[in-house]
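S.K.: First the structure, then my questions, so here it is.
The values are calculated or read from the model by the stated rules, or taken from the named source; none is laboratory data. Every value quoted in this text rests on a predicted model; they were computed, and no experiment measured them. Cβ placement follows ideal geometry from the backbone for every residue including glycine, while neighbour counts extend to all protein chains displayed. Areas reflect the complete protein model, heavy atoms only, side chains present, ligands, DNA and RNA absent. Shrake-Rupley method; radii C 1.70, N 1.55, O 1.52, S 1.80 Å.
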Amino acid sequence: MKRKLRWKRSWLTLGMFFAVVMVSYILYATGSLLSAGDSPGGAVRSTFAGLTPVDDQRLQEATATLKSITDSRQSYLLKTYVCGEERSQLGLQTPQELLKMQMKHPNWLLSIGANGEVTFTENIDDLSPACKEKAVFGIDGSSNLSLFNGTPAKDNVIRTFFQLNIKHLESSLPRETVEQLHEGIRVTDLEEYNSVLSTFSDYAMPPQEAERAMTSP
């Protein structure tokens, strides 16, 4: 009887051991046991746990580039929005400060300019403050749906999307909507921006037809 009891205790101990091993492995795989600490290497390992393989590779290349820098560099932050962008100066930073900045913001894209300046680019799924104040959808001189900085005009184009089938558009939509597009449709947030694009994408000319229209005399 005592022998059976000892066997039960042994199996119970072995089972608990395997359970602890499995939990530790799961925590390690998800990055919970990785501590960034004060070292860049630790920060990299901790950060990589939450990135996709593509972003993981990109960040490794960025950190390798920054580790190769031996002098202080002028640095900038470029915020690119769905509409518009903003550039600000981060100042002169040492290699250690640049690496720390990249680790703190793993989704920022790194680029080195011709003069050695460092630019971090942050992609933001929104309209820039300037676009929220002035962005207007309209039609340019080639019947393209375009985004303008204020009143629709040739010199105010921010971005061109696609060429519109004007005849189809005018025969399908209410006259007021067509007139509003010609005058310019103000958008103040991402929801309005996407709504306008979705509405008029139904009247986009196929690429082949658009190309023929552009090249025909």
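S.K.: Any idea how many residues of region 97-116 are at negative phi and either open to solvent by less than 50 Å² (accessible area, probe 1.4 Å) or aromatic (Phe, Trp, Tyr) (or both)?
M.R.: Qualifying residue count, region 97-116: 9.
S.K.: Looking at region 145-194 only, could you name the residues that are of a type in the set (Lys, Arg) and either modelled with pLDDT of 95 or more or over 22 Å from residue 132 (Cα atoms) (or both)? I'd like the intermediate steps shown before the answer.
M.R.: Going residue by residue through region 145-194, those that are of a type in the set (Lys, Arg) are 154, 159, 167, 175, 186.
If the condition is that a residue be of a type in the set (Lys, Arg) and either modelled with pLDDT of 95 or more or over 22 Å from residue 132 (Cα atoms) (or both), then 167, 175, 186 are the ones that fit.
S.K.: Here's something else I'd like to know. If you go through region 94-153 one residue at a time, how many are under 27 Å from residue 54 (Cα atoms), of a type outside the set (D, E, K, R) and not in a loop (DSSP other than H, G, I, E, B)?
M.R.: Residues meeting the conditions: 18.
S.K.: Return yes or no: is residue 110 among the hydrophobic types (A, V, I, L, M, F, W, C), in contact (Cβ under 8 Å) with a residue 40 or more places away in the chain and more than 23 Å from residue 189 (Cβ to Cβ)?
M.R.: Values: among the hydrophobic types (A, V, I, L, M, F, W, C): yes; in contact (Cβ under 8 Å) with a residue 40 or more places away in the chain: yes; more than 23 Å from residue 189 (Cβ to Cβ): yes.
Spelling it out, residue 110 is indeed among the hydrophobic types (A, V, I, L, M, F, W, C), in contact (Cβ under 8 Å) with a residue 40 or more places away in the chain and more than 23 Å from residue 189 (Cβ to Cβ).
S.K.: Here's another thing I want to ask about it. Suppose the filter is farther than 24 Å from residue 58 by Cα, free of Cβ contacts under 8 Å to residues at least 40 places away in the same chain, open to solvent by less than 30 Å² (accessible area, probe 1.4 Å) and hydrophobic (A, V, I, L, M, F, W, C); does residue 148 pass it?
M.R.: Against the criterion (farther than 24 Å from residue 58 by Cα, free of Cβ contacts under 8 Å to residues at least 40 places away in the same chain, open to solvent by less than 30 Å² (accessible area, probe 1.4 Å) and hydrophobic (A, V, I, L, M, F, W, C)), residue 148 qualifies.
S.K.: Test residue 177 against the criterion of being more than 23 Å from residue 86 (Cα to Cα), assigned to a helix (DSSP H, G or I), within 30 Å of the chain's Cα centre (by Cα) and without any contact (Cβ under 8 Å) to a residue 24 or more places away in the chain, and give yes or no.
M.R.: Against the criterion (more than 23 Å from residue 86 (Cα to Cα), assigned to a helix (DSSP H, G or I), within 30 Å of the chain's Cα centre (by Cα) and without any contact (Cβ under 8 Å) to a residue 24 or more places away in the chain), residue 177 does not qualify.
S.K.: Regarding residue 85, is this residue open to solvent by less than 60 Å² (accessible area, probe 1.4 Å) and out of contact with any His (no Cβ under 6 Å at 6 or more places or on another chain)?
M.R.: On the way: open to solvent by less than 60 Å² (accessible area, probe 1.4 Å): no; out of contact with any His (no Cβ under 6 Å at 6 or more places or on another chain): yes.
Judged against the criteria, residue 85 is not a match.
S.K.: Here are some residues: 203, 193. Which one is among the hydroxyl-bearing types (Ser, Thr, Tyr), in contact with a Cys (Cβ under 9 Å, 6 or more places away or on another chain) and surrounded by 12 or more Cβ atoms within 10 Å (Cβ to Cβ)?
M.R.: Exactly one of 203, 193 is among the hydroxyl-bearing types (Ser, Thr, Tyr), in contact with a Cys (Cβ under 9 Å, 6 or more places away or on another chain) and surrounded by 12 or more Cβ atoms within 10 Å (Cβ to Cβ), namely 193.
S.K.: Same structure again: Of these, 121, 80, 94, which one is more than 20 Å from the chain's Cα centre (by Cα) and at negative phi?
M.R.: Of the residues listed, the single one that is more than 20 Å from the chain's Cα centre (by Cα) and at negative phi is 94.
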